[in-house]
Amino acid sequence: MTDFARTPDPSLVTYTHVIYGLHALSVLIGVTGAATIVGSFIFGLPSIIAVIMNYLRRQDAAGTWLESHFTWQIRTFWWALLWSIVVLVASAPLMLIIVGFVTAAFGLVVVGLWVLYRVLRGWLALRDVRTLPTGGATRA
């Protein structure tokens, strides 16, 4: 556990659990439904609500150990969107020779597994009252 400037309000810890729960629900919908994990995560209502919730209470988490969780969650969402676009754009020209459909599917599966990893790692760290690496900067 890392040193942090102040202790967060217990209700903010619960709020952060709810956000992870919403992201996990999107992943579950992607695994069990017709959508992909990453598709459900990026375009699913639970994750969109979760990201809005992140932005709404981000200032409340500033200076606490929860700040890294808010940054982690926001970055997971936006990086998943970016990598999905990259995969689809890179695969589009190859779709003329059918190979692109395979590369797109493979790429989206990889991004989906990365999302699953990020949600699980983050939620477990929250449960254990640990911070997450944010790469130095605390703003996404």
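Structure values in brief
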quantity	calculated
Within the stretch 15-40, tally of residues that are under 12 Å from the mean Cα position of the chain (by Cα), at pLDDT 95 or above and of a type in the set (Val, Ile, Thr)	1
Subset of the stretch 59-75 [farther than 13 Å from residue 130 by Cβ and not small (Gly, Ala, Ser)]	59, 60, 70, 71, 73, 74, 75
Test result for residue 86, in a helix (DSSP H, G or I), at pLDDT 95 or above and over 18 Å from residue 134 (Cα atoms)	yes
Residues of the stretch 52-65 that turn out to be closer than 21 Å to residue 25 by Cα and either surrounded by 19 or more Cβ atoms within 10 Å (Cβ to Cβ) or touching a His at 6+ places or on another chain (Cβ under 7 Å) (or both), as a count	1
From the options 116, 82, residue that is surrounded by 16 or more Cβ atoms within 10 Å (Cβ to Cβ) and not aromatic (Phe, Trp, Tyr)	116
Whichever residue in the stretch 22-49 is of a type outside the set (A, V, I, L, M, F, W, C) and part of a helix (DSSP H, G or I) and, among such residues, is farthest from residue 107 (Cα to Cα)	46
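Conditions tested, residue by residue: (1) touching a Ser or Thr at 6+ places or on another chain (Cβ under 6 Å); (2) modelled with pLDDT under 95; (3) not β-branched (Val, Ile, Thr).
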| residue | (1), (2), (3) |
| --- | --- |
| 66 | yes, no, yes |
| 69 | yes, no, yes |
| 74 | no, no, no |
| 77 | no, no, yes |
| 98 | no, yes, no |
| 104 | yes, yes, yes |
| 109 | no, yes, no |
| 117 | no, no, yes |
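The values are calculated or read from the model by the stated rules, or taken from the named source; none is laboratory data. Since we're looking at a predicted model, the values are computed, not measured. Neighbour counts run over all protein chains shown; Cβ positions are idealised from the backbone, glycine included.
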